[in-house]
Amino acid sequence: MKKYLQIIAILGAAVSLTACGNLKNSNLANNAKTSSSSSTKTYQTTETGNNGYTVLLKNGHYVTSPIAGLTATDNDNSVDTRELERGLIQISKEAFSTNSFVFQEGQYITSTVANDWLGRKSKSNPLGLNPELGTKKKYNPYYLEEIMEQDFLTGSGSNYRIGGMSIGLAINSIDYYQKKKGGPEYQMTIPRSAQKKYGQQTAEQIVARLRKKKTLKNIPITVGLFAKESKDSLVSGTYFLSGTAAANSSKITKWKTINTQTEVLPTIGNKKAINSSNASSFNSFKESIQNYFPNISGVTATLRYENGKLAQENISITTQFYGYEQIQSFTRLVLSTAKKYLASDVPIEIKIGSVNDIQALVAKETGDSSYQVHIYGGE
């Protein structure tokens, strides 16, 4: 069975990266810990395709970061989470080759440290990276909402070690606050210029702190600045800058501008689509399937553009039918309609489902691959 069908079988459940490929034993001596009974813990790596990273497993289990999901406030936007991670992986690929490095979620920033850094700077928390609260007349917003760490191991055989690190800094575009507890909610917009200034300064502060760890002194550390969207946004935020501090340095001497845009179709109000041709293709796709099956609640698409070019299209179709033959027939229609109207040179994912669960998936992983189809509970 192809790798793609291994992955789609776990949609809607917790992700297990062991499905990404076969395991091969790799005894990572410098990371292995020995228990009191002198039994050495074993490590394995996953085989991944499509230019993805090989992932490190510990005793057959995926190793998660202790800071995953930690945020400064409760104003987090759920659609940002996946893009924060996916975008950082793409940035990392430019600094750490997928052929030379093994991926592991960050293990060096602890949850205690992350919570301190995400807090406001104060006498009780001198490590806080968000500014002091300020005064009633001049409120200082929360800039830094979340920190993501990704580690990249290098070596071979039984001698793997940390060879590089990437840090994603999620910076608020809007800060939500109350002047008094239980009072009305106010909003403060943080312009891109302020995000950039704060992000660049904070990036070097974090790198300098990481350099205090002996194992992190001599590795390159890449930092990506991510602009979060409002908490009720339908589209995710995007990375807008990235830079790398060379080994033994805390300075990022050259920042690279990242040109990424996202949108949801159909657009709302008088807002114009980023690309009228792509919007027209989606509308033709949408009208075709809705004409065939009138009991469809909604069809929406999320498009991501990189440097002005469409890079990914994800479509969600909500149905009001549950019959086996209806789903089978509709999925075949979606497949043929996608081939007819949608872009042929980008990855596309089409989820078909009711309000409560996913019924079918039609997707292709890369621009030049063929569509794969999976019907849940079907043949």
Report summary line: Counting only residues in the range 328-360 that are farther than 15 Å from Ile289 by Cα and touching an Asp or Glu at 6+ places or on another chain (Cβ under 8 Å), the one surrounded by the most Cβ atoms within 10 Å (Cβ to Cβ) is identified as Ile348
Query raised in the report: So is Glu325 open to solvent by 50 Å² or more (accessible area, probe 1.4 Å) and either in contact (Cβ under 8 Å) with a residue 40 or more places away in the chain or of a type in the set (Gly, Ala, Ser) (or both) or not?
Result: no
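For the condition under 16 Å from the mean Cα position of the chain (by Cα) and on the phi < 0 side of the Ramachandran plot, what is the one hit in Glu185, Glu145?
Values: Glu185 fails: under 16 Å from the mean Cα position of the chain (by Cα).
After ruling out the rest, the residue left standing is Glu145.
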Query raised in the report: If you go through the range 56-102 one residue at a time, how many are aromatic (Phe, Trp, Tyr) and in contact with a Leu (Cβ under 7 Å, 6 or more places away or on another chain)?
Result: 2
Query raised in the report: What's the number of the condition Asn125 fails, among (1) in contact with a helix residue (DSSP H, G or I) (Cβ under 7 Å, 6 or more places away or on another chain); (2) touching a residue at least 40 places away in the same chain (Cβ under 8 Å)?
Result: (2)
Report summary line: Note on the range 158-174: residues at pLDDT 95 or above and not β-branched (Val, Ile, Thr) are Gly163, Gly164, Met165, Ser166, Gly168, Leu169, Ala170, Asn172, Ser173
Query raised in the report: Got a sec? Which strands (runs of 3 or more DSSP E) wholly within the range 177-249 have at least 1 residues that are open to solvent by less than 20 Å² (accessible area, probe 1.4 Å)?
Result: 221-227, 238-245
Query raised in the report: Within the range 290-320, how many residues are surrounded by fewer than 14 Cβ atoms within 10 Å (Cβ to Cβ) and not hydroxyl-bearing (Ser, Thr, Tyr)?
Result: 8
Report summary line: When the range 76-100 is checked residue by residue, the ones that are over 19 Å from the mean Cα position of the chain (by Cα) and not small (Gly, Ala, Ser) are Asn99
Report task. For Ile358, work out the one condition from (1) touching a residue at least 40 places away in the same chain (Cβ under 8 Å); (2) over 22 Å from the mean Cα position of the chain (by Cα); (3) at negative phi it doesn't fulfil. Result -> (2)
Query raised in the report: Restricting the search to the range 143-161, which residues are farther than 15 Å from Gly237 by Cβ and open to solvent by 20 Å² or more (accessible area, probe 1.4 Å)?
Result: Thr154, Gly155, Ser156, Gly157, Ser158, Asn159, Tyr160, Arg161
Query raised in the report: Can you pull out the residues in the range 254-279 that are in contact with a helix residue (DSSP H, G or I) (Cβ under 6 Å, 6 or more places away or on another chain) and under 16 Å from Asn307 (Cα atoms)?
Result: Ala273
Query raised in the report: What are the pairs, 6+ residues apart or on separate chains, where a residue within the range 74-88 that is over 10 Å from Lys228 (Cβ atoms) and modelled with pLDDT under 90 has its Cβ under 7 Å from a residue that is part of a helix (DSSP H, G or I) and open to solvent by 70 Å² or more (accessible area, probe 1.4 Å)?
Result: none
Report task. Taking only the range 361-379 into account, find how many residues are within 21 Å of the chain's Cα centre (by Cα) and assigned to a loop (DSSP other than H, G, I, E, B). Result -> 3
Query raised in the report: Do you know which of the residues in the range 56-89 that are of a type in the set (D, E, K, R) and buried (at least 19 other Cβ atoms within 10 Å of the Cβ) is nearest to Tyr160 (Cα to Cα)?
Result: Glu83
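Starting from residues that are of a type in the set (Gly, Ala, Ser) and closer than 18 Å to Ile67 by Cα, keep the ones in the range 101-142 and report whichever is nearest to the chain's Cα centre (by Cα).
Per the stated criteria, the residue is Gly106.
The values are calculated or read from the model by the stated rules, or taken from the named source; none is laboratory data. Because the structure is a prediction, the values reported are computed rather than measured. We place every Cβ from the backbone using ideal geometry, glycine too, and count neighbours over all the protein chains shown. Ligands, DNA and RNA are stripped out before the accessible areas are found, and what is left, the full protein with its side chains, is counted by its heavy atoms. Shrake-Rupley method; radii C 1.70, N 1.55, O 1.52, S 1.80 Å.
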